[in-house]
Amino acid sequence: MAKVRRLGTVGTSSTYLTQGLNWTRSVPLELVHRSAESEVLITSVSRDGDDAYLLAARWPREHTFYRPDEAGRHDPMLVAETMRQAGIAVAHAGYDVPFGTQFIMADICFYLISTTALIVGTGQPGIVVSLSCSEFVCRARLLRRARFHVGLLRDGVRFAYGSGLLVCLPAGAYERLRTRRSLPSSAPCHRLPRVHPAVVGRRWEGDVLLCDGPDWRRGSSSASWHVQVDPAHPALFDHPLDHLPGMVQLEAFRQAALALTTPAGDANRHRFLGCDVRFLRMAQVHASVRCRARQLASHTVHVELADDGPTPLTEGSVLLG
């Protein structure tokens with residue numbers, strides 16, 4: 001396999017790669033495509049061999065959206081956000097992908113091995129991310145696609161793993177893809193009543209993405225909901241976007257799986273343990289999007305997002321425990 005490191009011209013490798021790891025200060029915002037420093041989880045990036053890297057990550061004891069649960073455990077969705085930031089940071093720092101490149105998650109899967117590692121301690125946990133790369137696609141000596149295989153460790157113990165296919169697009173190619181993969185935006189939906197926060201594992205109504213309606217009945221094996229998002233949400237939309245970010249779609253998947261498995265007249269006792277999701281088309285922020293879910297097994301729920309197009313926007317499965 002041809003080497004793909006140092007293919008770009010901006011020299012990000014020498015600028016951002018470090019000798020060893022540290023958890024004292026977050027990496028620059030542009031390295032993980034975030035606008036608020038409070039949303040940056042990665043603190044350093046170092047090389048660990050050919051196409052292999054170690055990253056340091058720091059999880060906040062409190063977060064505006066990914067809050068600890070009642071048992072004092074970190075939100076497992078921080079695993080996905082750590083993976084997302086790690087993949088982008090390595091693309092820039094390890095493979096010289098120029099700033100200004102747009103990144104798209106083509107797919108992502110991750111699973112928890114142990115929930116004990118999620119327990120919130122007295123300080124911010126120092127997470128080590130072990131990341132290796134495969135399935136490279138390059139054009140004009142620039143990285144255009146790669147699969148990232150990730151393991152997360154706390155205190156030297158591996159507690160989560162996953163992989164994701166990251167697509168790197170220059171601005172012109174990104175606009176062409178948006179046009180090809182998106183339908184014209186339909187009229188904005190009227191504001192609808194949301195599902196009760198406790199049913200989908202949230203505390204505040206503003207964090208709920210699913211709307212209540214006649215197509216959902218507690219205790220049924222399948223259901224669907226309208227998806228309602230607030231583009232001004234400070235955590236879900238860290239910076240202005242005209243499409244639904246991958247992390248927002250993952251949250252809709254989680255909420256759908258929890259809502260579907262909530263017994264009639266009772267609270268949801270399930271825990272989110274991971275998911276396997278494929279992003280097929282782009283979803284406009286103001287489009288009419290529905291989330292459909294059906295139970296495959298006692299702890300597995302198939303979920304898809306759909307608009308008016310003939311094929312789903314996103315599809316995959318959620319694992320509960």
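The values are calculated or read from the model by the stated rules, or taken from the named source; none is laboratory data. Small disclaimer: the values here were computed from a predicted structure and weren't measured. Because the Cβ atoms are built from the backbone with ideal geometry, glycine has one as well, and the counts that use them run over all protein chains shown. Ligands, DNA and RNA are stripped out before the accessible areas are found, and what is left, the full protein with its side chains, is counted by its heavy atoms. Shrake-Rupley method; radii C 1.70, N 1.55, O 1.52, S 1.80 Å.
For the residues Arg269, Arg278, the requirement of being surrounded by fewer than 21 Cβ atoms within 10 Å (Cβ to Cβ) and over 22 Å from Gly162 (Cβ atoms) singles out Arg269. Among residues of the range 294-321 being without any contact (Cβ under 8 Å) to a residue 60 or more places away in the chain and out of contact with any Leu (no Cβ under 8 Å at 6 or more places or on another chain), the one that is least open to solvent (accessible area, probe 1.4 Å) is Val303. Only residues that are hydroxyl-bearing (Ser, Thr, Tyr) and surrounded by 14 or more Cβ atoms within 10 Å (Cβ to Cβ) were counted in the range 134-163, giving 2.
Figure legend. Inter-residue proximity from the range 122-144: first residues closer than 28 Å to Pro76 by Cα and touching a residue at least 60 places away in the same chain (Cβ under 8 Å), second residues among the aliphatic types (A, V, I, L, M) and in a loop (DSSP other than H, G, I, E, B), beta-carbon distance below 7 Å, spacing 6+ or different chains. Indicated pairs: Val128/Leu21. If the condition is being surrounded by fewer than 19 Cβ atoms within 10 Å (Cβ to Cβ) and within 25 Å of Ser134 (Cβ to Cβ), then the range 36-53 contributes Ser46, Arg47, Asp48, Gly49, Asp50, Ala52.
Among the strands (runs of 3 or more DSSP E) confined wholly to the range 257-321, which include 2 or more residues that are under 14 Å from Leu210 (Cα atoms)?
Values: elements: 272-279, 290-297, 300-306, 314-320.
In the range 257-321, 290-297, 300-306 are the strands (runs of 3 or more DSSP E) which contain 2 or more residues that are under 14 Å from Leu210 (Cα atoms).
Leu260 fails exactly one of the following numbered conditions: (1) of a type outside the set (D, E, K, R); (2) at pLDDT below 85; (3) in contact with a Ser or Thr (Cβ under 9 Å, 6 or more places away or on another chain). What is the number of that condition? Every listed condition holds for Leu260 apart from (2). So which residues in the range 113-122 are open to solvent by 30 Å² or more (accessible area, probe 1.4 Å) and not polar (S, T, N, Q), if there are any at all? Residues satisfying the conditions are Ile113, Ile119, Val120. Within the range 123-133, the set of residues being open to solvent by less than 40 Å² (accessible area, probe 1.4 Å) and assigned to a strand (DSSP E or B) comprises Gly126, Ile127, Val128, Val129, Leu131, Cys133.
Here is a check on your reading of the model: is Glu81 assigned to a loop (DSSP other than H, G, I, E, B) and either out of contact with any Asp or Glu (no Cβ under 8 Å at 6 or more places or on another chain) or free of Cβ contacts under 8 Å to residues at least 24 places away in the same chain (or both)? Break it down stepwise before answering.
Values: assigned to a loop (DSSP other than H, G, I, E, B): no; either out of contact with any Asp or Glu (no Cβ under 8 Å at 6 or more places or on another chain) or free of Cβ contacts under 8 Å to residues at least 24 places away in the same chain (or both): yes.
Criteria not met by Glu81.
A quick yes/no check of all residues on (1) modelled with pLDDT of 95 or more; (2) more than 26 Å from Gln102 (Cβ to Cβ); (3) more than 17 Å from the chain's Cα centre (by Cα); (4) of a type in the set (A, V, I, L, M, F, W, C):
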| site | (1), (2), (3), (4) |
| --- | --- |
| Glu251 | yes, no, no, no |
| Ala256 | yes, yes, no, yes |
| Ala264 | no, yes, yes, yes |
| Gly274 | yes, yes, no, no |
| Val277 | yes, no, no, yes |
| His299 | no, yes, yes, no |
| Val303 | yes, no, no, yes |
| Asp307 | no, no, yes, no |
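Quick check on Leu41: is it out of contact with any strand residue (DSSP E or B) (no Cβ under 9 Å at 6 or more places or on another chain), modelled with pLDDT of 95 or more and among the aliphatic types (A, V, I, L, M)? Can you show your working first?
Numbers: out of contact with any strand residue (DSSP E or B) (no Cβ under 9 Å at 6 or more places or on another chain): no; modelled with pLDDT of 95 or more: yes; among the aliphatic types (A, V, I, L, M): yes.
So Leu41 does not fit the description; no.
Of all residues in the range 226-247, those that are charged (D, E, K, R) have Cβ atoms under 8 Å from Cβ atoms of residues that are open to solvent by 60 Å² or more (accessible area, probe 1.4 Å), 6 or more apart or on another chain, in Asp238/Ser35.
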